[in-house]
Each structure stands twice: as C-alpha cells, then as structure tokens.
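The values are calculated or read from the model by the stated rules, or taken from the named source; none is laboratory data. All of these numbers come straight from a predicted model, not from anything done at the bench. In this analysis, Cβ positions are derived from the backbone assuming ideal geometry, glycine residues included, and neighbour counts consider all displayed protein chains. Surface accessibility is based on the protein's heavy atoms, side chains included, excluding ligands, DNA and RNA. Shrake-Rupley method; radii C 1.70, N 1.55, O 1.52, S 1.80 Å.
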Amino acid sequence: SALAVIFQGAGQTGLFLSPFSPPMVTLMSITGLSYPRLLLCAGLPVSIVMWVGTFLIANKVQKETQGTENFQMDPATRRATIAFAVTMALMVIYGIATNGGASFVILVMIVAAIITGLFARMPVGTIFDSMMEGCGKMMWLFFMFLIFNPFLNFVTQSGAFDALLQLLEPLIGPTGKVGFTLLTVLVGIFGINGAAVAQAMMIDSLFSSFLPTLGISMELWGMIVLIGHQITSFAYPGVDMIGQMGLAHASNIKPMMKLSYFAIIPGTVILAVLASFIL
C-alpha cells in the first residue's frame with residue numbers, strides 16, 4: 001500500500017517535470033513558455049507539494065501496514081534496482097539533450113526494462129515474456145484511455161461545457177485573479193475528465209479568453225492548467241490510481257484516497273491560490 005502511494009504521488013510528478021512528457025509538451029504549446037520557465041513556475045512547485053504529501057502519507061501508511069504487507073529483497077533485486085535508476089538517469093539526460101518528444105518515452109520504457117532484466121540475470125526470452133505479460137495486464141487501461149477522448153468530445157458537442165462557462169462567467173469578473181484561479185482549478189479537477197492532453201486543451205479553450213482581462217500571466221496559467229488536468233487522477237479512483245495499485249500489488253484503496261485528499265485541498269488548490277498573488 002505504501003508503494004502504491006509512492007507510485008501515484010511521487011511517480012506521477014514525472015509528468016510535471018519531463019520535457020518530453022505529453023502534459024509538459026502541451027503546456028509549452030499552450031503558454032508559449034520555454035521548458036525551464038514552465039518548470040520553475042509550474043512543474044517544480046506542484047511536484048514539491050506532491051513530494052511532501054507523498055512522503056507524509058507513505059510513512060503513515062507504512063506504519064499502519066507494517067507486518068501485514070511484506071516483500072523480500074535479494075541481491076538480484078538490488079542489482080536490478082541500481083541498474084534501473086542509472087538507466088533512467090542517463091535516458092532522461094539524453095532526452096533533454098536531444099529534445100526527445102513524447103514518443104521517446106516508449107524507447108525509455110523498453111531500454112529500461114531490458115537492462116533491468118539483464119542485471120537481474122533473467123534470460124532474454126524471460127525478459128520479453130515478462131514485458132508482454134505486463135502489457136497484457138494493462139491492456140484494459142489502454143482501451144479505457146482510448147475511449148476518454150471520444151467521450152470528452154461527446155460532452156463538448158452536447159454544449160455542457162458552454163453551459164458551465166455561462167454559469168461561472170458572472171462569478172469570474174468580481175472575484176479577480178484569485179477567484180478565477182480557484183474556479184478554473186476546481187472545474188479542471190472535478191468537472192473535466194479525459195485523456196490528459198485533451199483535458200488540458202479543453203481547459204485552455206474554455207477559460208483562456210479571460211486571461212487578458214484579468215491580467216493572468218502565462219506562468220500562472222501554466223500552473224492552473226497543470227493542476228486542473230493532472231490532479232483529476234487523484235480526485236476519483238480512476239484508471240491511473242487503479243493502475244498504480246496493480247503495479248504495487250496493493251488492494252486497499254483507502255491509502256490512495258488519503259493521498260488524494262492531501263493532493264487536492266491542502267496541496268495543489270492552495271498552491272494555485274497562493275501563486276495567483278505572486279505570478
């Protein structure tokens with residue numbers, strides 16, 4: 001359970017930091033900001049908040065489950081772990097240096113899996129069998145993500161988001177930057193659910209027209225859109241959360257929801273409101 005919390009909380013921050021992750025590539029396109037600027041104003045602040053929350057919740061969960069959930073670590077596991085960490089570090093450096101796109105992530109996963117297996121002294125055939133077995137277990141998640149985009153398009157064409165915007169518009173002007181930030185973040189987290197890139201584009205298309213009037217900087221807008229389309233994964237026990245639990249061999253969803261409560265209210269929502277006074 002503690003490992004599942006770490007996968008969900010700390011693991012997902014890789015999407016907020018990587019220059020070739022789909023969310024960051026989309027945010028750079030939406031805001032026009034450079035990667036270092038977007039990282040400084042949005043990616044790192046949100047990640048730091050998530051790291052702190054994940055550390056606190058994971059330690060609490062570890063104490064609660066101590067003695068009931070155990071895994072053994074042998075020398076092969078230690079070698080494989082070190083090999084994985086070194087491989088990931090080198091691949092990330094290479095990706096940054098070569099401006100690797102979202103497709104580069106596929107290469108990272110394949111290379112990291114093969115090297116990790118070799119250092120665990122697994123036969124090559126067994127490595128690929130394990131990779132395919134893992135892919136097979138995640139296939140249902142793949143199909144779930146495939147239907148997210150058509151579903152989001154269906155809701156858009158129904159006029160539901162336009163109606164929502166009309167309801168919120170009278171509240172945006174009088175409340176200024178702070179109110180706009182709070183409303184947009186909450187609508188993004190709870191009101192729009194879909195594939196990450198489509199969700200970010202939807203938030204931008206709905207609310208970007210208010211930016212000049214309210215004086216919202218692109219730095220603040222980058223943080224708002226990042227939180228609005230990524231923290232949705234914590235708001236509901238969806239495919240992201242269940243997928244991380246599966247990878248960690250965890251079956252208790254309560255620790256995941258504890259992390260979710262932190263990620264949304266005392267974490268990223270308050271961070272966005274504070275940022276509205278600074279950025």
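The figures follow:
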| quantity | calculated |
| --- | --- |
| In region 65-82, the residues that are surrounded by fewer than 16 Cβ atoms within 10 Å (Cβ to Cβ) and modelled with pLDDT of 85 or more | 75, 76, 77, 78, 79, 81, 82 |
| Qualifying residue in region 185-207 (condition: free of Cβ contacts under 8 Å to residues at least 12 places away in the same chain, over 18 Å from residue 38 (Cβ atoms) and over 18 Å from the mean Cα position of the chain (by Cα)) | yes |
| Filtered residue count, region 192-207, keeping only those that are assigned to a loop (DSSP other than H, G, I, E, B) and either open to solvent by 30 Å² or more (accessible area, probe 1.4 Å) or modelled with pLDDT of 85 or more (or both) | 1 |
| Any hit, region 88-99, residues being of a type in the set (A, V, I, L, M), touching a residue at least 40 places away in the same chain (Cβ under 8 Å) and not in a helix (DSSP H, G or I) | no |
| Conditions (1) free of Cβ contacts under 8 Å to residues at least 24 places away in the same chain; (2) open to solvent by 70 Å² or more (accessible area, probe 1.4 Å); number of the one not met by residue 85 | (2) |
| Residue match in region 108-129 (condition: under 24 Å from residue 195 (Cα atoms) and open to solvent by less than 50 Å² (accessible area, probe 1.4 Å)) | yes |
| Hits in region 1-37 (condition: part of a loop (DSSP other than H, G, I, E, B) and either within 12 Å of residue 256 (Cβ to Cβ) or open to solvent by 40 Å² or more (accessible area, probe 1.4 Å) (or both)) | 1, 32, 34 |
| Test: residue in region 38-57 that is open to solvent by 30 Å² or more (accessible area, probe 1.4 Å), among the hydrophobic types (A, V, I, L, M, F, W, C), touching a residue at least 60 places away in the same chain (Cβ under 8 Å) and over 16 Å from residue 268 (Cα atoms) | no |
| Complete set of residues in region 130-164 that are open to solvent by 60 Å² or more (accessible area, probe 1.4 Å) and closer than 30 Å to residue 209 by Cα | 145, 146, 147, 149, 150, 151, 153, 154, 157, 158, 162 |
